[in-house]
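The values are calculated or read from the model by the stated rules, or taken from the named source; none is laboratory data. Computed from a predicted structure; not experimentally measured. Cβ atoms come from the backbone with ideal geometry, glycine included; neighbour counts cover every protein chain shown.
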Amino acid sequence: MKYQGKKVAVLGAGLSGTAAALLLRSQGANVTVLDSAEENTLLKATLDHLRSHEVEVRCGPDVAQDSSPYDLVVLSPGIDPISTLAMSFSNRNIETIGELELGWRFVDVPVIAITGTNGKTTTTELLAQMLNACGQRTIACGNIGKPLSEVALEKREYDVLTVEVSSFQLETIKTFRPAISIWLNFAPDHLDRYPSISEYRAAKLRIFENQTADDVAIVNAAEPLPKTAARIVSFSAYTNRGDFRLEGGSILYLDQPVLRMADTKLRGSHNIENLMATLAAGLARGLSFEQMLPPLCKYEPRPHRCEFVREVGGVVYINDSKATNLDAVEKALLAQDKSVILIAGGKDKGFTFETLRDLVSQRVREVVLIGEMARRIEQDWGSAVPCQLAHSLADAVERARTIAKPGEVVLFSPGTSSFDMFKSYADRGDQFRALVHALPK
């Protein structure tokens, strides 16, 4: 589609919506950004920046009544397609795409797309660091860092783009086709957005939709996936069926050892799989193991992912605020070799915590619960492990300090998102870290 002179509505004034609007303006489109939030709750600097580029901005609940004729609608990933705002346009049969699809249409280099319920960000960062160290210019973008539309607008020279993609972004693709797709794992999540687990999974599976026999799909061997046209490379830290597998503390490729986990700074089976997927993508890009291993061994995990915070009185405190679903909590618990005092809870995302009850009863001595989900989790786990309800994160940390004995671990792994009490999982993790550092010795 040629955008010169076209009238385009961009729904959402966040990072993705802003990037889409500015990219469209650069192509001569007449752009209107619509956001149902009140203008005084949005970032003034962002709105001023849009308006300085002659982008019209309209805010407030009445934007859903906009009946202006548009040639195209671009949906930000944070806007639910069945929201009142989005439906007001789809009911008029106006072509609708997402910001990821828009950015893709302006990209002229191959894309590596990474999806999965957990591990997307770590794998995207691992892969970008490794590729750059090996002389293949790339940037980690998409669902982290810069939106793809912003990268497309900047027109910098890259050899490949390393793009984290979420189910929200994949919902609205049409032609998006990664040269290399990575499917890390799947677990229940986002049931506050999707009517069922199957619909959430179907959105993620769209990553393979447009791939051909010329492309590569890197997939988890332990998970059944529909047939795809792309060439399959598989991995698993839990079965021996993958091209990449684990044996004796080393990652093997086609039964040949290629990387000792002791040489890396990553721990846990989930990170072993992140490394396997990264190695597979490097191979698909023509790199050798000799090239890839040094940068992978230097990689240090980001904050909020089973991050060691401090040891106080013989008790280790770990910040796993990035754990926003049950699969992440499961992996965090399995990574511990000591008795655990678990702090969990947060926003109600529509799923039960009952599936973790057996593991919690085996690994956790006591649980401290916070947020909207506290009482529901107590109902799911209370018969298996003692539970306390805390009024705040500060109260939870103090309760955990009182309960924990030398030699134990206080693990902050919420299992759901943070928006009932915090700005983001990072804000939540930062506050936990500060509270732990403030504990008396």
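Can you name the number of the only condition in (1) within 17 Å of the chain's Cα centre (by Cα); (2) among the aromatic types (Phe, Trp, Tyr); (3) surrounded by fewer than 19 Cβ atoms within 10 Å (Cβ to Cβ) that residue 168 fails?
With (1) within 17 Å of the chain's Cα centre (by Cα); (2) among the aromatic types (Phe, Trp, Tyr); (3) surrounded by fewer than 19 Cβ atoms within 10 Å (Cβ to Cβ) applied to residue 168, the lone miss is (3).
In this structure, does residue 331 turn out to be closer than 19 Å to residue 422 by Cα, surrounded by 15 or more Cβ atoms within 10 Å (Cβ to Cβ) and of a type in the set (Lys, Arg)?
Working: closer than 19 Å to residue 422 by Cα: no; surrounded by 15 or more Cβ atoms within 10 Å (Cβ to Cβ): yes; of a type in the set (Lys, Arg): yes.
No.
Collect the residues in region 222-249 that are assigned to a loop (DSSP other than H, G, I, E, B) and surrounded by 13 or more Cβ atoms within 10 Å (Cβ to Cβ), keeping them in residue-number order.
Keep residues of region 222-249 that are assigned to a loop (DSSP other than H, G, I, E, B), which gives 222-230, 237-243, 248-249.
If the condition is that a residue be assigned to a loop (DSSP other than H, G, I, E, B) and surrounded by 13 or more Cβ atoms within 10 Å (Cβ to Cβ), then 222, 223, 225, 228, 229, 230, 237, 238, 239, 242, 243 are the ones that fit.
Let's see how each residue does on (1) surrounded by fewer than 23 Cβ atoms within 10 Å (Cβ to Cβ); (2) assigned by TED's automatic domain parsing to the domain that holds residue 136:
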site	(1), (2)
285	yes, yes
315	yes, no
342	no, no
345	no, no
348	yes, no
351	yes, no
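With the checklist (1) under 23 Å from the mean Cα position of the chain (by Cα); (2) modelled with pLDDT under 95 in hand, flag the one item residue 98 doesn't pass.
Every listed condition holds for residue 98 apart from (2).
Taking into account only those residues within region 87-121 that are of a type in the set (S, T, N, Q) and in contact with a strand residue (DSSP E or B) (Cβ under 8 Å, 6 or more places away or on another chain), which is nearest to residue 197 (Cα to Cα)? Reasoning before the result, please.
First pass over region 87-121, keeping only residues of a type in the set (S, T, N, Q): 88, 90-91, 93, 96, 115, 117-118, 121.
Checking the rest, the ones that are also in contact with a strand residue (DSSP E or B) (Cβ under 8 Å, 6 or more places away or on another chain) come to 90, 96, 115, 121.
Values: 90: 24, 96: 24, 115: 16, 121: 22 Å.
Once the filter is applied, the top-ranked residue is 115.
So for region 176-187 (the condition being modelled with pLDDT under 95, within 11 Å of the chain's Cα centre (by Cα), on the phi < 0 side of the Ramachandran plot and outside any strand (DSSP E or B)), does at least one residue qualify? Spell out the reasoning first.
Just the residues of region 176-187 that are modelled with pLDDT under 95, to begin with: 185-187.
Restricting the remaining residues to those that are within 11 Å of the chain's Cα centre (by Cα) gives none.
There is no residue in region 176-187 that is modelled with pLDDT under 95, within 11 Å of the chain's Cα centre (by Cα), on the phi < 0 side of the Ramachandran plot and outside any strand (DSSP E or B).
When you go through (1) in a strand (DSSP E or B); (2) surrounded by fewer than 22 Cβ atoms within 10 Å (Cβ to Cβ) one by one for residue 212, which number turns out not to apply?
Failing condition for residue 212: (1).
Spot the failing condition for residue 4; the list is (1) closer than 20 Å to residue 98 by Cα; (2) surrounded by 14 or more Cβ atoms within 10 Å (Cβ to Cβ), and only one is missed.
Condition (2) is where residue 4 drops out.
Pick from 356, 342: which is in contact (Cβ under 8 Å) with a residue 24 or more places away in the chain, in a strand (DSSP E or B) and not β-branched (Val, Ile, Thr)? Lay out the reasoning, then the answer.
Values: 356 fails: in a strand (DSSP E or B).
None of the others qualify; the one that does is 342.
Give the residues of region 250-279 that are outside any helix (DSSP H, G or I), within 25 Å of the chain's Cα centre (by Cα) and not hydroxyl-bearing (Ser, Thr, Tyr), sorted by residue number. Lay out the reasoning, then the answer.
First, the residues of region 250-279 that are outside any helix (DSSP H, G or I): 250-260, 264-268.
Add one more test, that the residue is within 25 Å of the chain's Cα centre (by Cα), and what stays is 251, 264-268.
Hits for region 250-279 are 251, 265, 266, 267, 268.
Which count do you get for residues in region 277-330 that are in contact with a helix residue (DSSP H, G or I) (Cβ under 9 Å, 6 or more places away or on another chain) and farther than 21 Å from residue 110 by Cα? Even if it seems obvious, please write down each step before you answer.
At the first step, the residues of region 277-330 found to be in contact with a helix residue (DSSP H, G or I) (Cβ under 9 Å, 6 or more places away or on another chain) are 277-279, 281-283, 285, 287-289, 291-299, 301-307, 309-310, 312-313, 315, 317-324, 326-330.
Filter once more, so that each one left must be farther than 21 Å from residue 110 by Cα: 289, 293-299, 301-307, 309-310, 312-313, 315, 317-324, 326-330.
The number of residues fulfilling the criteria is 33.
Here are some residues: 245, 241, 206. Which one is among the charged types (D, E, K, R), closer than 21 Å to residue 127 by Cα and in the same structural domain as residue 183 (by TED's automatic domain parsing)?
Values: 241 fails: closer than 21 Å to residue 127 by Cα; 206 fails: closer than 21 Å to residue 127 by Cα.
Criteria check complete, one pass: 245.
Just checking, does region 101-109 include any residue being at pLDDT 95 or above and within 26 Å of residue 191 (Cβ to Cβ)?
Yes, there is a match, as at least one residue in region 101-109 is at pLDDT 95 or above and within 26 Å of residue 191 (Cβ to Cβ).
Can you name the number of the only condition in (1) in contact with a Pro (Cβ under 7 Å, 6 or more places away or on another chain); (2) buried (at least 17 other Cβ atoms within 10 Å of the Cβ); (3) of a type outside the set (Asp, Glu); (4) without any contact (Cβ under 8 Å) to a residue 40 or more places away in the chain that residue 197 fails?
Here residue 197 clears every test but (2).
Is it true that some residue in region 398-413 is in contact with a Phe, Trp or Tyr (Cβ under 6 Å, 6 or more places away or on another chain), part of a helix (DSSP H, G or I) and surrounded by 15 or more Cβ atoms within 10 Å (Cβ to Cβ)?
No, region 398-413 contains no residue that is in contact with a Phe, Trp or Tyr (Cβ under 6 Å, 6 or more places away or on another chain), part of a helix (DSSP H, G or I) and surrounded by 15 or more Cβ atoms within 10 Å (Cβ to Cβ).
Among residues belonging to region 37-68 that are at pLDDT 95 or above and of a type in the set (Asp, Glu), point out the one that is farthest from residue 14 (Cα to Cα).
The extreme case among them is 54.
One line per residue, one yes/no per condition, for (1) among the aromatic types (Phe, Trp, Tyr); (2) crowded, with 24+ Cβ neighbours inside 10 Å:
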residue: 92; (1), (2): no, no
residue: 95; (1), (2): no, no
residue: 102; (1), (2): no, yes
residue: 106; (1), (2): yes, no
residue: 114; (1), (2): no, yes
residue: 117; (1), (2): no, no
residue: 128; (1), (2): no, yes
residue: 139; (1), (2): no, no
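Look through 81, 110, 77, 69 and report the one residue that is assigned by TED's automatic domain parsing to the domain that holds residue 211 and in contact (Cβ under 8 Å) with a residue 40 or more places away in the chain.
Details: 81 fails: assigned by TED's automatic domain parsing to the domain that holds residue 211; 77 fails: assigned by TED's automatic domain parsing to the domain that holds residue 211; 69 fails: assigned by TED's automatic domain parsing to the domain that holds residue 211.
Going through 81, 110, 77, 69 in turn, just one is assigned by TED's automatic domain parsing to the domain that holds residue 211 and in contact (Cβ under 8 Å) with a residue 40 or more places away in the chain: 110.
So is residue 324 under 16 Å from residue 425 (Cβ atoms) and among the hydroxyl-bearing types (Ser, Thr, Tyr) or not? Write out each step before concluding.
Working: under 16 Å from residue 425 (Cβ atoms): yes; among the hydroxyl-bearing types (Ser, Thr, Tyr): yes.
Here the answer is yes, as residue 324 does meet what is asked.
Give just the number: which of (1) assigned to a helix (DSSP H, G or I); (2) touching a Gly at 6+ places or on another chain (Cβ under 9 Å) does residue 380 not satisfy?
Going through the list (1) assigned to a helix (DSSP H, G or I); (2) touching a Gly at 6+ places or on another chain (Cβ under 9 Å), residue 380 breaks only (2).
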